[in-house]
1. Quick check on residue 177: is it outside any helix (DSSP H, G or I), among the basic types (Lys, Arg) and more than 19 Å from residue 116 (Cβ to Cβ)?
2. What are the residues in the range 116-138 that are in a loop (DSSP other than H, G, I, E, B) and in contact (Cβ under 8 Å) with a residue 60 or more places away in the chain, if any?
3. Given the conditions (1) farther than 22 Å from residue 109 by Cβ; (2) surrounded by fewer than 17 Cβ atoms within 10 Å (Cβ to Cβ); (3) not aliphatic (A, V, I, L, M), which single one is not true for residue 45?
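Values in this text are rule-based calculations from the coordinates and carry no lab data. Please read these numbers as outputs of a predicted model, since none were measured by experiment. Cβ placement follows ideal geometry from the backbone for every residue including glycine, while neighbour counts extend to all protein chains displayed.
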Amino acid sequence: MRLLENEITKRGKVINNEVLNVDRFFSQQVNTELLIEIGKEFEHHFGSKKIDRILTVEASGIAIAMAAASFLHVPFVFARKNPDPLMEGDSFIVSCHSHSKEQDYSLFVLKDLLPAGENILILDDFLSNGNEIMNLTNIVKQAGSKVIGIGVAIEKAFRPGRQRLEEAGYPVVSLARIEKFENGKPVFVKTPKKFGSNIGSSD
């Protein structure tokens, strides 16, 4: 998705040729026009599938899931990274580890927000090692539902996340695939100008 690649190049901040900071358009400040186009792009990829619900993670995944949900006409649910004292009812809980932040945390989703027997689309802002998204798939399994696809805005293609997810049987769509960081800049994977279930970046 060329629009997203341009925004990453223009406003993203690469730290130590390893971490991409997206505060200026995803995390703290949200580029709403970009998010609308991202929602349309995910609708293009997943609109032909039967989707009952979208699952994502707070915080950056919320805007992406909301944009896609508005075009797919389904509700979305986000996993919390910390328990909310006002949460009432039983929750699905999985333990996670963030390599970029070097910290452990847990994901919480109220059980009544993920009914059994549904088709779930998982969306997130980043795919790197795949740990967080794999944990979301575990929550879906606990709920007795099925993951019908995984969509991410930005993929670090030099990390093993896509391979892990595809080996587990999940189709992955990423809108911008980064081959590497070089001299503080992202280098994007070049892909054919066509759409498909495994496409990484499209115009």
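1. Details: outside any helix (DSSP H, G or I): yes; among the basic types (Lys, Arg): yes; more than 19 Å from residue 116 (Cβ to Cβ): yes.
When the stated conditions are applied, residue 177 passes them.
2. So in the range 116-138, the residues in a loop (DSSP other than H, G, I, E, B) come out as 116-118, 128-130.
Result: 118, single match.
3. (2)
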